[in-house]
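Here's the structure, in structure tokens; my notes come after.
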Amino acid sequence: MTQEPEFQGKIGKTIKESDPWWPPVPASHDGKTPNVVVMLFDDTGFGHFGCYGSTIDTPNIDKLAAGGLQYTNFHTTALCSPTRASLLTGRNHHAVGMRGIADYDPGFPNMRAAVTRHAATLSEMLRDEGYATFAVGKWHLNPKEERSAAGPFTDWPLQRGFNRYYGFLGGATDQFYPDLTEDNHHINPPKTPEEGYHLNEDLIDHSIDFIRNNKSIYPNQPFFLYLAFGATHSPHQAPQPYIDKYKGKFDQGWDAVRDEWFSRQTESGIIPEGTQLAPRNPGVDAWDDLSDGAKKLACKLQEAFAGFLDHTDDQIGRLVSYLDQAGEIDNTIICLMADNGASQEGGPQGVSAGERYSHPHLDDLDNIDDVLPDIGTPKSDPNYPWGWSQAGNTPLKWYKSTTHAGGVRDPLLVHWPDGIKNTGGVRHQFTHVTDIVPTLLDVLNITPKDSYQGYPQMPIPDNSFAYTFEDPDVPADRGPQYFEMFGHRAIWADGWKAVARHIKNDPISDEEWELYHLDEDFSECNNLAEAEPEKLRELIDLWWVEAGKNGVLPIDDRSFQLTGISKRPGGIHDGLKYHYTPPVSRLPGSIAPPLGMGEWTFDAEIERGDSSVEGVLFARGSHTSGLSIYVKNNRLHFDYNCFTEILTGSSETELPVGRCTVTVRFEGEGIGGEGQVTLLVNGTQVGTLDIPLIMRGLGGSGAGASIGGDELSPATTSYDAPFYFTGTIHTVDVAIQVYESGGRLVKGNVGDIYSSSLKKT
């Protein structure tokens, strides 16, 4: 642990014979030390902001670019949690234990789903220097099985250097019904969508409150705000006026839009003259070849995305306006960036609900008109198709999770009126997300310590890019940078890049490496592998050297498989049996029983004082998909929401008054097959329900489970949520018998996408 400074006063027998002493006030408390704000977007492509070529309105982001610097050669890790780990530590993601998303620990040092204590976070470093530290928004840096009200809290924001936290711990959440955490406890949203709630606005409200409260008490203390939006990760949801604003704005299709954005990039100097627009990615159809239904769905999905981004920009404007009014904007370093390229997770068609693509159970394009009005609203969980994703990455190819430019080349803005005088400039030097920490430490004149909280520290590479603040033409002063994600690999060195695209389960030795001279080929269109074999060999060899230095091995090409439950012995899912004694806090999606994994039995011992007692016993999922077990009209009911098609099974007889045991038994053929639900009261069958499609996930976007009510986004329309149970629930037991994980691989053009086709054991 950090040692308190040795007392330097005098201790006598009495107060009169003693001299007091206090540790010196941190040097940062002089009122002149810069504040730091890091804003992080999720799944936002290189070309999505207006200042990077888009026609989506982002005036507040564009204003930050005009008043600061805009970087065109900034790179990330290709995925959310790894980028966040590198952003907050200044080290490579494998080295700090975050190979992939922070959900699952497969048992190797490079993937513990949490950042090692030997890599202090920027918040820990700055708090040690006297900063107030606040985290707001998406965290996604601790194992998902450690996100319940029971903790452990070891890797929650407050335990990693932040004084206050408000946001969501998982990878995604509903923007109207978010799974919220404040400091170290879970909370429900302060308002409903009907009352005007949206997560973006809530995050900015709390950001301003944290800063205002601190500045009111300690006006000279600098602050560090880490603001990580859910935007623009799916679900793409926004207040209706923002979606309506873009009606018809994308009817010309993604080919024409990409051409237009490319022209704007060229004209503004964001991309060099002579840059080629990458061809459509495999699997992206020409717009003119789409059916009318496909065009309608795609346009509405893009309108929802645009509204979401536009609304987020407005909230950034609120924060910047507050900083300006408070007299803090000039002395605040703002870094605004994205964590990876635009996402391919909506598939080639796009989906009104994310779970549709993972099954797959896509929207019916021949009957799409009824679906369109809900897209982007609280009744949807939408994600756009590959064509719009590639448009967001203009002029690049491929997407999030790949190591080609579409996955790793992202926007970065730096705004600091007191420190950057050459404003409105564009910088083309290679930079990487690991460079943010050393740059901030550099301009703040902070030398990181060898130990934090008693843990010896991994070195932070001296890769500050502060030299670019004054000189736009100085060459990049940086050593090589490797990339690896799900077996995709790449390395940059001295303006050259070698990259290998991996096909799941294929031997890595069989894969072809590509070679690009990025200084002359911005969009990676001219493969020089055959023309420059010696340079390619040099870079491949260098990749293995850097992989060895940073703990990249073993290369692990599993992706969606690692979003399931952990195999770590002793975890909460060990044995797949769950016992609850209500009342219990709402269960996040990662903690709730994974009912999509197999057949299951639900038992609840309940007590009712009279026949009027009713309410929800257990609910899992959301408005788009899920299930609910509840009592209504003196009968037991089971609702199964299959992509908003709600099936209901009810007991044929009334429930007895007093104490009884209700049971719901789920049996079926496996994911994607048919199933049957049986309802029992005190062991006697009282009803059944046939299920035409067994879903793997329930609810999407991090939807969890509630016992004794249906909190947040309701799983059914059969009652007015939360519909709390008015009797007593003594115990709840859930037992799952898993299907055999034989799974099938769906080989798509974005890489192999895992889609279980599971069979009963």
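The values are calculated or read from the model by the stated rules, or taken from the named source; none is laboratory data. If you're wondering where the values come from, they're calculated on a predicted model, not measured in any experiment. We place every Cβ from the backbone using ideal geometry, glycine too, and count neighbours over all the protein chains shown.
List every residue pair whose Cβ atoms lie under 9 Å apart, where the two residues are 6 or more positions apart in sequence or sit on different chains, the first residue falls within the range 395-406 and is touching a residue at least 40 places away in the same chain (Cβ under 8 Å), and the second residue, located anywhere, is in a helix (DSSP H, G or I) and among the β-branched types (Val, Ile, Thr).
Close Cβ pairs satisfying both conditions: 395/266; 402/408.
Would you point out the residue of the range 718-761, among those that are among the charged types (D, E, K, R), surrounded by 14 or more Cβ atoms within 10 Å (Cβ to Cβ) and modelled with pLDDT under 95, that is farthest from residue 635 (Cα to Cα)?
752
Can you find, within the range 500-523, the residue that is nearest to the chain's Cα centre (by Cα) among those that are in a loop (DSSP other than H, G, I, E, B) and exposed (fewer than 14 other Cβ atoms within 10 Å of the Cβ)?
Ranking the qualifying residues of the range 500-523, first place goes to 505.
Restricting to the range 347-390, and then to whatever is crowded, with 19+ Cβ neighbours inside 10 Å and polar (S, T, N, Q), can you tell me which residue is nearest to residue 193 (Cα to Cα)?
Of everything passing the filter in the range 347-390, 380 is nearest to residue 193 (Cα to Cα).
With the structure loaded, tell me whether residue 488 is modelled with pLDDT of 95 or more, outside the structural domain of residue 90 (by TED's automatic domain parsing) and on the phi < 0 side of the Ramachandran plot or whether it fails that test.
Against the criterion (modelled with pLDDT of 95 or more, outside the structural domain of residue 90 (by TED's automatic domain parsing) and on the phi < 0 side of the Ramachandran plot), residue 488 qualifies.
Looking at this structure, is residue 319 touching a residue at least 60 places away in the same chain (Cβ under 8 Å), surrounded by 22 or more Cβ atoms within 10 Å (Cβ to Cβ) and touching a strand residue (DSSP E or B) at 6+ places or on another chain (Cβ under 8 Å)?
yes
Taking strands (runs of 3 or more DSSP E) that fall entirely within the range 174-233, which contain at least 1 residues that are surrounded by fewer than 16 Cβ atoms within 10 Å (Cβ to Cβ)?
180-182, 185-187
Residue check, residue 483 against (1) touching a Leu at 6+ places or on another chain (Cβ under 9 Å); (2) at pLDDT 95 or above, all met but one. Which one?
(1)
Can you tell me which residue among 539, 562, 553 is modelled with pLDDT of 95 or more, of a type outside the set (Lys, Arg), surrounded by 15 or more Cβ atoms within 10 Å (Cβ to Cβ) and touching a Phe, Trp or Tyr at 6+ places or on another chain (Cβ under 9 Å)?
One residue alone meets the criteria, 539.
Select from the range 265-286 the residues that are β-branched (Val, Ile, Thr) and in a loop (DSSP other than H, G, I, E, B) and write down the one among them that is surrounded by the fewest Cβ atoms within 10 Å (Cβ to Cβ).
Once the filter is applied, the top-ranked residue is 275.
Are any of the residues in the range 32-42 in a loop (DSSP other than H, G, I, E, B), within 25 Å of residue 385 (Cβ to Cβ) and modelled with pLDDT of 95 or more?
Within the range 32-42 (the criterion being in a loop (DSSP other than H, G, I, E, B), within 25 Å of residue 385 (Cβ to Cβ) and modelled with pLDDT of 95 or more), the answer is yes, since at least one residue qualifies.
Within the range 402-425, track down each residue that is in contact with a helix residue (DSSP H, G or I) (Cβ under 8 Å, 6 or more places away or on another chain) and under 20 Å from residue 50 (Cβ atoms).
Of everything in the range 402-425, those that are in contact with a helix residue (DSSP H, G or I) (Cβ under 8 Å, 6 or more places away or on another chain) and under 20 Å from residue 50 (Cβ atoms) turn out to be 406, 411, 413, 414, 415, 423, 424.
If we keep just the residues of the range 101-122 that are surrounded by 23 or more Cβ atoms within 10 Å (Cβ to Cβ) and modelled with pLDDT of 95 or more, which is nearest to residue 592 (Cα to Cα)?
Checking each candidate, the answer is 115.
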